[in-house]
Every structure is written in C-alpha cells, then in structure tokens.
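Contents: one structure, followed by commentary.
The values are calculated or read from the model by the stated rules, or taken from the named source; none is laboratory data. The structure displayed is predicted, hence computed values, not measured ones. Glycine also receives a Cβ, built like all others from the backbone with ideal geometry; neighbour counts cover every protein chain displayed. Surface accessibility is based on the protein's heavy atoms, side chains included, excluding ligands, DNA and RNA. Shrake-Rupley method; radii C 1.70, N 1.55, O 1.52, S 1.80 Å.
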Amino acid sequence: MGLLQELIFGLVTGSYIAIAAIGFTLIYGIVNMINFAYGEYLTLGAFIGFLAANALPGPLPVAVIAAMIGGGITSIILARGFFTPINQTGPVPMLLTSIGLGIALRNAIRLVGGRSARYIETETSTFRFDAIPEIPVGSVDLLGGFFITSEHIIVIASAVIVFAAVHLLLTRTDVGIAMRAMGDDESLARVRGIDTQLIRDSVWVLAGVLAGLAGVLMAIQTNVSADTGYSHILQILSAAILGGAGSPYGAIIGAYVIGLVLAVSTAFLPSSMTGLSSAMAFVILIAVLLVKPSGIAGSEVREA
Amino acid sequence: MNVRDRLPSGHGDRALIAGVVCILVGALFALTPLRVQLPSAFYVFVEVGILFVIYGMLVLGLDLQYGHTGLVNFGHVVFFAVGAYATAMLSAQDSFAGIALAYPWPLGLVAGVIAAAILGAAVSLTSIRLRGDFLAIVTLATAEIFHSLFVNFEDIFGGNVGILGVPRPIAAVVSDGDTRLAATLLVLGGITLLTLAAVTRLTDAPYGRVLRAIRADELVTRSVGKSTITYKTQSFVYGAALAGLAGGLFALYNGAVAPGFFTIQVTVTVWIGMLLGGAANHRAVLAGLAIIMGLRLISRFALDVTPVSSDVFASMRLIVVGLILVAVIRYRPAGIWGDPQELGVDQ
Amino acid sequence: MSLLAAEGLVKEFGGLRAIDQLSVSIEEGELVGVMGPNGAGKSTFFNCVSGVIPPDDGTVTLEGTDVTSDSPESLAHRGLVRTFQDTRELETMTVRDNVRLAAPDQPGERTLPALLRSSSMREREETVRKRADELIEMFDLDHLADEYSSNLSGGQRKLLELARTLMLDPDVLLLDEPFAGVNPTLTREIADHIRNLNADGMTVVIIEHELETLTELVDRLIVLQQGRLLVEGEPEVVLEDERVIEAYLGGDSK
C-alpha cells in the first residue's frame, strides 16, 4: 500500500482520537485529573451505539446520537459517584481511582458483552483513486493509488463538525467561557462568581458525549469489543499531552500527529512488527514529556 | 512511628534472622535427602504463597518509591519483566524462540537485577522531575512499550511464547515435587524477608528521613541541604532493582517467561496491596498484598464450586479488585494499618 | 568585601518585572530588614538569592564566590539558609524529625552506612539527637517533639522552622516574615532569639511587614518598591524618608 493510503488511515484515526482527546483534555484542565477510565467511556458509547443500531429501526445517525446521549449520562453519573466526592484529594488519588474504576468497568462490560467483537452493519461505498503514480522508495511507495470509504468520510466529517461545535461552545457560550476561565485559574473563576461545580458537571457531560461519539465512530469504522476504548486510551492521552494537557485545540493537533505517526510507522515497519506501531504513540508521549513537558500549548507539569 | 527513634530496629533484625533461617531450612531440604510431604489440598496454598513472596519484593520496592519517597510508579511490572527476561535470556539452555545464551544462572540473575536497575536509572534520569500523575503515565507507557517489544521481537524475546528452557536451580537438585515446592517457598520467602530487613534498615536510618521529607515537601528538603534528585533517583533505582531481582527469581522458579506473566495486572495487584495495607509501612504493605492475593486464592476455590466459566469468573474478580482500589482511596486513604497523619491524608 | 551581594538582579514573570536591576549587599554580622509594599519583590529577591528561582539576569555572590543560580541545597552547604513566607513544615513528620533532618554531614543519609548501620552513623545520630533536642527545648517545643508538625499552631510552626534552620548552623539566615500570624508574646520571643543569634555572629536578613518589631530589631533597613531599591539606611532615617512614606501611604496609586 502506498503512503498516501496510510495517510488517509492516519487522518481517520487522528479524527476519532481527536474527538476523544478533546473530552479527555477538558477533564484534565478543569477537573485537574488524568481520567484513565476514559477509554471505557468510549467502549460504553460504542456498545450503546451497537445496541441502538440493532434495536432501533432508524438510520445510523440515530445510533450515533444514542451513543452520545448515553455517553453523557454515563459520564456524569460516574463523576458524581466516583470523582466529585474526592475532588479535593489531588491528582494522584484521582488518577488511581480512575484506574480502579476503569478495571471494574472494562470487566463489567466484558462480563455483559462477552469477549467477541461485534460489528455495526453499515452500507459502505468505496471511492477509488488508482491512477496516481507510486514513486517507490525502497519498499515504500511515496504516493500510490488509494481508496476512501464513506465510513472514512463520516468519521472525518464528524470530527470537523465537533471541532467547530466545541470552538463555538468555548468562545460563544457562557458555560464555555466559564470553562476556559476555570481551566486558566480556578480560584480566580470562583472569585468571579462562577459556579465551579456546575462547570465541572458540564465538562463531565461534554466529555462523555464526545467519548460516546468517538466510541461509536470507532465501532462503525472497525468493531466493538470490551477493549475498544482501553486499547486507545494511551493514544488519547498522548494526543492530549502532546497538545499541552488542558488545551482542546492542542489536543486536536496532537491527535492528528499521533494518527499520522501511527499510519506512517505502519508503512515503514516490516509487516511482522506492525504491533509496534501502537508503541510509537507512547514513544512520542515520553519524548514530549521529556523535551517539552508543557506540550504544544499548555501548562508546566514539572515540579520545581 | 516513634519506633524509628530507637536506632536498633527490632522488626528489621527479626526479619533478617528469620530470612536467614528460612533460606537455611530451604537449603537443607534442597541439598539433603530430607523430604516433606504436603497434603494435596495444600499445593494451591504453596503455589500462591510462592507468588506472594515474589510479589512481596515488588511491593517493598514500590513502597520505597511511593510510600516513602512519593514517586508514583505505575509501570512497576516493567522492571519485574526486564529482570525476568534478562535472567531468562542469559541462562536459558535452549528456547523455542528468542535468545538463549546458556550462561550459568547466577550470572543471569545478576544481569537481571542490573538490567532492571539500568532501566530504572534511565526512567528516573529523564522523568523524575515530572509531577506525580505524569510520572505515573510515563512509567505506565514505558511498561506498555516494553510489553509490545517482548511480543513483537520474536527473534529476541520469543514473542507470545516467550523464553523457554530457563534453568530451575531448585528443581534441578530436588526431584521430589512436594519437597521442591516447600524448598522453593522457603528460599524465596527467605529472600523476601532479607529484602524486608534491608528496606527497614534503610528507612529507619536518617536515609529514610530524607526520603519522607522529600515526599512531604521537596523544596524544604532541598533548602536544608539535601540533594533531593539524588535521593529520588536512588529510591527509584533501588525499587527497580528489587523488582528485577523478583523477576529473575520468578524466571528461575517458573522455568519460562512470557508476556502474559507481565501485564498491567501485576502493577495493579501490588499497588492495591500497598494502598490497602498502608503505604510507608513495610509490614503493612506485605499484609495488604497478602489480603489481595488471598482473594485470588478464594476465587480459585470458589471457581471450583460455582457453575460459571473461568472467563466470567476472572472478570468478576477484576471488577472486585478495581472497586477495592476505588474504595480504599476513598474510605481508607491510609490503608488498614497506615498512619493517616504520616501519609498526610487525615483532612 | 560583602558577605552576600546581589548585583543587578532581574526576574520577570510573564512580562512583569518582579525585581528590576536590584543590587543589595549585606556585610558580615549585620542584621538587616527588608520591607516594601505588597508586590515590591521581597520574596522574589529571597527566592533568587537562595537558589529557589534562578534570576533572569544579574549575579549573586556569597563570600566573594559567584553563586548565581546555584541550587538551594548547595547554598545550604555554603552556609546560606532560608525560611518560607508560608511556613513550610514537613507536616507528615514529627517535630523532632523535622529538626533532625536538617543536620548536615549525616553518614546515615547514605545507603551503605544505613544498611550496615555503621558506627559512624550511630555516633553522628547521637550528636544530631542531642543538638536537635537542645534546639527544640530552646524554642519551647519539647512537649510537642513527638507530635506531627501538622498539629502545630502558626506561631509554633515559625519556631519550628527557625529551629530547623539553626540545625544547619548557618552563616547567613534569610527569614521570610518570621512574625506573620504570630501573637505578640511569641513575636517578642522570636525577636529575642534573632537578636541573640546575631549577637553570636550570625548574619540575618529579615523580610517583614510588622514594621514596629522590624525597626526595633535591625541595624539597617532596605526598602523595595516595584522590584527596585527605593531607600536603604538606618531604620530611623529610612522611616522618615518621604519616598518611603509615599510608597506606603500611596499604596496602589503608584
């Protein structure tokens, strides 16, 4: 396969990682925690979408909306049950709690949903572009013919819509502006009369909606299993940190960097080692934390 | 913990003596015709017991890092794994896949400890300044990277099969199964007790005072003239080296290593054991680990009498494990035996 | 040659100059007060001098040696020790351990002597214990020696912090608001301790808002404003200075 094809795949991967990473980074910036259970929110969204697609007669968008609503509700319930009560204990206990919650959720999903992968039936059209020269360099074709499916287009278009919606939310609505203020300086926000708990709850709902969407897009694109979200959590986290933890715009850039690196490393690695491409995301993560811990646009995470 | 004010440490010395005795008795079984017979219902206890003493070294090292120094290492399994793989690859006679160099096993064990320590030094040199939750992420990511290296580089690490044909020094001299299990438990348990003695001495000494001061307030500790980076690095490397030792011993007991033995579950188990028992208290973390591994034992028995598949049962056990972690942090942040004021969680 | 000298120190935070071309020198054996309105750069000055924050520009010399941007730990070894404005106790440690920690040259702080419980470690620990108990008693904390320092009152924390720094036997002591939140009795007590230390030859620099206590105590006052040196000199003279009166009364209008 040519590099151009891998880039398409990278763009698709980057798109759903970006949607999830926005939610993840908003939680980091406003609740001040790394939510390691976030991958499970994606899985839940994917399963809700799968069930909705099978149970409801409606078209695919109905399943997508069901996943988003389900994700938002799940997120706020889990936050109220597990994270809000320990908000004051600091980042490490909250991270550990999310790790514990993640293990419990993942296995609960496995218990209910079983181990096998499920597929959401969609009608797919494929658009082929074969007439492009390959320009081989070694074993890799620099261009080459490629195809793009309607699913790819749905994922990328959804991401673009999400970016626009989140941008409008953060810049044009009171809640969004309050979110940004809180991300910058929580005590200052409180002094200004912002109801910080309300904003935190809104962020949980928003993050859950985004997770539900990302999850169901993954499900449409590939499949649903108990590990759907967990297998992406480190990529989401890498994207968020790469973009500067707490910055939604940075997270978008970070996500596409991760997506493209994964795709390109798949192209260049020998086929027996494609499993390594996911490790590449972590290598990038570590490299970023070492070289510029504040990411592309974000705050310092080192201690004095 | 005013016991620390008395310098000669009671617990540490008792652990030292008990450790030496255990190893000697274990050696007695191994090297003389002396035999034991275990009731067959006992096997499972001994097997879990062996795993417990190996994980005991992990939890003691982790507690040195987190409980005493405040370093959040959530990739502890990687040091365990690196120690195990280094030992296995150097000492394996011949393996189905991967490297098998057939050197004498003591050399392999030493190499395992050194390899884990070097990785620990590399991680701490690069990341020790990161804020707690980010250090957790870097260590966790390191563990994931190594896991995928082990799986993907079949020619070196044997892929999913791992490294086979690792010598089993105790099995080599004791042919009788019961005696072999007993001797293994005694020798490994003795080594864990020696580890306990060593870390107790370290933390009872002024050395431990510096570590706890770093956990409390690093800047203050620096401003009274302590080079905190040096101490943090040492604490991290010692914890990693102990995990490497545990890994090497595991390889030499198990006779094989494979990625399946070194999943994030290991990290989670020792973390929960430490938090449940009470961080910064060596005996408490071992007790906490015993509780969590006891749960594993119970679930093994329960599995025999309940009509569900082992998959279902594994999921249920992990749900419980995850919720225990959540509950401990929320309702008992200092663990069962930890001191809330010493851990700064009494507000 | 001054014992401690800052030359042209500059430190910016997000474009704002917290200190701006600040030059100050402290002679051996002096007892100096640093005052100034909020945001004048007093704590930043301490932070730059004590190695907590490296200055953007300028030099710091201690006994003629350039120590600019040296780490806090190496400055402590050179005999310069500080306290913090918001008392920073090691809250999860006992009062006694707080003080003992600060003792220099402890063999037991190295791995091997600690593991082997060497005689050098035990001997040193014995002298550390004696010295720590002396200091704890001197500051009337002996009844609290085994308490966690999180249980101490604000004033007791100030005393503990002082005891902890004295464990290092410093040549230069930088005290950041030692009287803040302390009741009048304890204030007098702390002032007496400081005076005694100075009489024994220790050089002391104090940041303080409590002007009455400060002016009674010190030989020389340094007034900072907007990160610059405004006036320095004998307390009586400085307090009469019009610029100082204006800076304090004018407050925010500046």
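Points worth noting:
- Pairs of lysine residues in chain C that meet both criteria, 8 or more places apart or on different chains and Cα atoms under 28 Å apart, total 6.
- Table column - 3J(HN,Hα) (Hz), the stretch A:103-113, Karplus curve with 6.51, -1.76, 1.60, x for Gly and Pro: 4, 5, 4, 4, 6, 5, 4, 5, 4, 7, x
- Per-peptide packing, taken as the mean over residues of other Cβ atoms within 10 Å, places B:147-157, B:250-260, B:297-307 in the sequence B:250-260, B:147-157, B:297-307 from highest down.
- Over the protein assembly as shown, dividing the summed -39,500 (n - 2.57) contributions of all DSSP H runs of at least 4 residues by the number of residues returns a 222 nm mean residue ellipticity of -20000 deg cm²/dmol.
- For residue B:13, the solvent-accessible surface computed with a 1.4 Å probe is close to 50 Å², ligands and nucleic acids excluded.
- Relative to the longest principal axis of the Cα atoms of chain A, the long axis of helix A:248-268 makes an angle of roughly 30 degrees.
- Taking 0.692 mPa s as the viscosity and 37 °C as the temperature, the Stokes-Einstein diffusion coefficient of the stretch A:3-227 based on its alpha-carbon Kirkwood radius rounds to 174 µm²/s.
- Solvent-accessible area, 1.4 Å probe, carbon plus sulfur percent, for the stretch A:83-196: 60
- Listed residues C:164, C:100, C:124, most fluctuating in chain C (Gaussian network, C-alpha, under 10 Å): C:124
- Taking only alpha carbon atoms, chain B gives an Rg to Rh ratio of 0.97, where Rh is the Kirkwood radius.
- Chain C: DSSP helices with Cα axial extent of at least 20 Å and average Kyte-Doolittle hydropathy no lower than -1.0: C:184-199
- Loss of accessible area when C meets B, both sides summed, Å² nearest 100, probe 1.4 Å: 3400
- For the stretch A:54-133, the extents of the C-alpha atoms along the principal axes are 58, 41, 25 Å, listed from largest to smallest.
- Quarter the surface of the alpha carbon convex hull of the stretch C:103-188 and you get the mean projected area, 6.8 square nanometres.
- Shielding by partners, peptide C:73-80 (average Cβ within 10 angstrom, other chains): 3
- For chain A, built as a Gaussian network whose Cα springs stay under 10 Å, the top-fluctuating residue of A:151, A:186, A:123: A:123
- Both chains summed, the buried accessible area for B and A stands near 3800 Å², from protein heavy atoms and a 1.4 Å probe.
- Compactness relative to 2.2 N^0.38 Å, alpha carbon Rg of the stretch A:10-67: 1.32
- Scanning chain B for DSSP H helices at least 18 Å long along the axis (C-alpha atoms) with a Kyte-Doolittle mean no lower than 1.6 picks out B:10-31, B:43-63, B:105-127, B:264-277, B:310-331.
- For chain A, the longest principal axis of the C-alpha atoms and the axis of helix A:3-31 are separated by about 10°.
- Residue among A:54, A:223, A:32 with the largest mean-square fluctuation in a Gaussian network model of chain A, springs linking Cα atoms under 10 Å: A:54
- Here the gap between residue C:21 and residue C:188, fully extended at 0.36 nm per residue and compared with their Cα-Cα distance, gives a gain of 56.6 nm.
- Between residue B:297 and residue B:118, the FRET efficiency from the beta-carbon distance, with R0 = 45 Å, is close to 0.80.
- Along its first, second and third principal axes, ordered by size, chain C spans 62, 40, 34 Å in Cα coordinates.
- Ellipsoid equivalent to the stretch A:76-186 - semi-axes via the Cα gyration tensor, in Å: 40, 25, 17
- Relative counts (whole %) of C-alpha pair distances in the stretch C:90-151, using bins that are 10 Å wide: 24, 44, 28, 4
- Simple Cβ-charge dipole of the protein assembly as shown, Lys/Arg +1 and Asp/Glu -1, about Cα centre, in debye nearest 20: 3600
- Rounded to the nearest 10 degrees, the angle from helix A:150-172 to the longest Cα principal axis of chain A is 30 degrees.
- Convex hull volume of the protein assembly as shown per residue (C-alpha atoms, cubic angstrom): 191
- 3J(HN,Hα) from dihedral phi, the stretch A:46-56, Karplus parametrisation 6.51/-1.76/1.60, rounded to Hz, x for glycine, proline: 4, 5, 4, x, 4, 5, 5, 5, 7, 7, 8
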